[in-house]
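Here's the structure we're looking at; comments come further down.
The values are calculated or read from the model by the stated rules, or taken from the named source; none is laboratory data. It should be emphasised that the depicted structure is a prediction, and the values quoted were computed from it without experimental measurement. Methodologically, a virtual Cβ is constructed for each residue, glycine included, from the backbone with ideal geometry; neighbour enumeration extends over all protein chains shown. Remember, those area values only see protein heavy atoms, side chains included, never the ligands or the DNA or RNA. Shrake-Rupley method; radii C 1.70, N 1.55, O 1.52, S 1.80 Å.
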Amino acid sequence: MRLIAASAPLLLLLAGFGPTPAEPPNILFIFTDDHAYQAVGAYGSRLNRTPNIDRIAREGMRFDRALVTNSICAPSRAVILTGKYSHLNGVLDNRLQFDGSQQTFPKLLQEAGYQTALFGKWHLKSAPTGFDDWEVLPGQGAYYNPDMRVGPDDRRRRHTGYTTDIVTDLSLEWLKNRKPDQPFLLMSQHKAPHRHWMPGPEHLTLYDGERIREPPTLFDDYSGRASPAARNRMEIGRHMTAHDLKFRPPPGTPRDDPFMIRWNRTYGRMNPDQKAVWDAIYGPKNEAFQAAKLKGKELVRWKYQRYIKDYLRCIASVDDNVGRLLRYLDATGLARNTIVVYSSDQGFYLGEHGWFDKRWMYRESLRTPLVIRWPGAVEPGSVSRDLVSNLDYAATFLEMAGVRIPARMQGRSLVPILKGEAPTDWRRSFYYHYYESQLAHGVPAHEGVRTERYKLIRFYESGEWELFDLERDPQELQSLYDRRGMEQVTAELYAELKRLREFYGVSQPPL
Ligand code: CA
């Protein structure tokens, strides 16, 4: 009795010092690999439905101009962790290993008392740092029965099942067993829908009997642009492999043939039951295709349908699994104080320009989906058209958690935008730089600047430039570089490119 009597006035006294500080919000970051905004319902998809991702947008904010600084898997992840451009975080391309000793936002959240965890695709080679718990796919990871690297000692563990489900299982298991008295950062990162688009058992026949709409530029001839576009190696018609299209190696293919190696790494991982389900679905379809002997445009159209349906089937599984996480947050009451973010490491071509893959500074790969739900802070159903970037995620998460943003981070917190403020000094131009020259898909290194209306691209290896008027030519089919009448616009964009390079400390290659 006496104890209570003595402590009650003390509590009242403490309460008198001001409003109770807000509980730090939890952060759930759901991240995919190669999910194009064109395949998100909330972005007006005419291809598919994503009710669970759409729910995050409907209850939060949708960013219509979320751009990536370097449109490729590992570099995007390094930018997100560090809040720094590739030339400073060291991961210029997919070959390089992430230096885990550098400052990252998960480390800073951890120091601030957050419990941190990462499950799924990591793709940065070195062991994850800044996470209390982690279990990640080695390299690209497998769609079925994945091996995983388990922290803290980086041992191997093999799971049975479909990877998109497993990543969510691990995330849910962690949420259930975490320390409830600490705020959390949970990064739940899918391999899907990365190449080569293996659907899960529940979605193998989704879209059967339907014809998915083709993009208007499926048969692009690349006229009107500098030489790199025509020299690409990412055309659905010419470069998609038999393995991508779910054909098995012909009988007698040697074990060391690249097709057979890939086949064994993918189909070969399945158990007999999984193989039986797979074969029963793809077998008859592949036989019908062989019998049809398609040629020319009809063959490209068939490949597009096979590709896009498998891609969208992978997304259907991602969306279902987003739903599982949202329902858990609802059921436990965590939804109230948990910020939910859905994004992808970059955009992707779903047949636009005849392509699959990413890398270019053109629209579909420069943009990425980004939707954020933050109860009590974000006006439900709001939309931002500001130029935001994966460069900004680190600063955003730190400010959400009330942690100081290091001056050396180059991104800006999205918190003011999320709260409906309109910062007058927000960026009006965006700097892009892709480095993985010619390694895959024939895309040369390039850099450029995008403003509200224009995009200037510099293919510095060949000394070529492109200039697009995004208002008049949103599909970016006709470069206006060197066009009479564009001198002033070009000079302004060139000056802006120079300014941004200086601002972000880019010295190579010289302008
Ligand atoms: Ca990717």
Query raised in the report: List the pairs whose first member sits in region 38-57 and is in a loop (DSSP other than H, G, I, E, B), whose second member is of a type in the set (Lys, Arg) and at pLDDT 95 or above, and whose Cβ atoms are under 6 Å apart, counting only residues at least 6 apart or on separate chains?
Result: Arg46/Arg213
Query - Matching residues, region 269-283, being in contact with a helix residue (DSSP H, G or I) (Cβ under 9 Å, 6 or more places away or on another chain) and either closer than 17 Å to Gly141 by Cβ or at pLDDT below 95 (or both) - result: Met270, Gln274
Query raised in the report: Since Val383 meets every condition but one in (1) more than 16 Å from the ligand (Cβ to nearest atom); (2) farther than 16 Å from Ala66 by Cα, which condition does it not meet?
Result: (2)
Requested in this report: Check whether at least one residue in region 346-354 is part of a helix (DSSP H, G or I) and either open to solvent by 10 Å² or more (accessible area, probe 1.4 Å) or within 16 Å of the ligand (Cβ to nearest atom) (or both), and report yes or no.
Outcome: yes
Report summary line: Flagged in region 62-75 as away from the ligand (no atom under 16 Å from the Cβ) and open to solvent by less than 10 Å² (accessible area, probe 1.4 Å), in numbering order, are Phe63
Query - Criterion (small (Gly, Ala, Ser) and within 10 Å of the chain's Cα centre (by Cα)) met by exactly one of Gly354, Gly347, Gly376, Gly381 - result: Gly347
Query raised in the report: Given (1) buried (at least 20 other Cβ atoms within 10 Å of the Cβ); (2) away from the ligand (no atom under 16 Å from the Cβ); (3) under 17 Å from the mean Cα position of the chain (by Cα), where does Leu414 come up short, assuming only one miss?
Result: (3)
Requested in this report: Look through Ala112, Ala127, Ala78, Ala117 and report the one residue that is touching a helix residue (DSSP H, G or I) at 6+ places or on another chain (Cβ under 9 Å) and open to solvent by 30 Å² or more (accessible area, probe 1.4 Å).
Outcome: Ala112
Report summary line: The correct count of residues that are small (Gly, Ala, Ser) and either open to solvent by 30 Å² or more (accessible area, probe 1.4 Å) or closer than 23 Å to Leu414 by Cα (or both) in region 303-345 is 5
**Report entry** Set Gly139, Gly130, Gly113, Gly100: member being within 16 Å of the ligand (Cβ to nearest atom) and either more than 24 Å from Arg412 (Cβ to Cβ) or assigned to a loop (DSSP other than H, G, I, E, B) (or both)
**Finding:** Gly139
Query raised in the report: Filtering region 154-199 down to residues that are within 16 Å of the ligand (Cβ to nearest atom) and of a type in the set (Lys, Arg), which residue is nearest to Gly402 (Cα to Cα)?
Result: Lys191
Report task. Collect the residues in region 425-455 that are open to solvent by less than 50 Å² (accessible area, probe 1.4 Å) and within 20 Å of Asp386 (Cβ to Cβ), keeping them in residue-number order. Result -> Trp426, Arg427, Ser429, Phe430, Tyr431, Tyr432, Gly448, Val449, Arg450, Thr451, Tyr454, Lys455
**Report entry** Breaking point among (1) out of contact with any Lys or Arg (no Cβ under 7 Å at 6 or more places or on another chain); (2) open to solvent by less than 20 Å² (accessible area, probe 1.4 Å); (3) basic (Lys, Arg), for Lys176
**Finding:** (2)
Requested in this report: Among residues belonging to region 76-97 that are of a type in the set (A, V, I, L, M, F, W, C) and not in a loop (DSSP other than H, G, I, E, B), point out the one that is farthest from the ligand (Cβ to nearest atom).
Outcome: Leu88
Query raised in the report: Is it the case that some residue within region 457-471 is touching a strand residue (DSSP E or B) at 6+ places or on another chain (Cβ under 9 Å), over 24 Å from Tyr349 (Cα atoms), among the aliphatic types (A, V, I, L, M) and open to solvent by less than 60 Å² (accessible area, probe 1.4 Å)?
Result: no
Requested in this report: Go through (1) surrounded by fewer than 17 Cβ atoms within 10 Å (Cβ to Cβ); (2) among the small types (Gly, Ala, Ser); (3) in contact (Cβ under 8 Å) with a residue 60 or more places away in the chain one by one and return the number of the condition Ser479 breaks.
Outcome: (1)
Report task. Please find, within region 308-345, the residue that is nearest to the ligand (Cβ to nearest atom) out of those that are in contact with a Gly (Cβ under 9 Å, 6 or more places away or on another chain) and of a type in the set (Gly, Ala, Ser). Result -> Ser317
Requested in this report: Report, ordered by the first and then the second residue, all pairs with beta carbons closer than 8 Å, sequence separation of six or more or different chains, a first member in region 490-504 that is on the phi > 0 side of the Ramachandran plot, and a second member that is open to solvent by 60 Å² or more (accessible area, probe 1.4 Å) and not hydroxyl-bearing (Ser, Thr, Tyr).
Outcome: none
Query - Residues that are within 14 Å of the ligand (Cβ to nearest atom) and among the aliphatic types (A, V, I, L, M), drawn from region 24-38 - result: Ala36
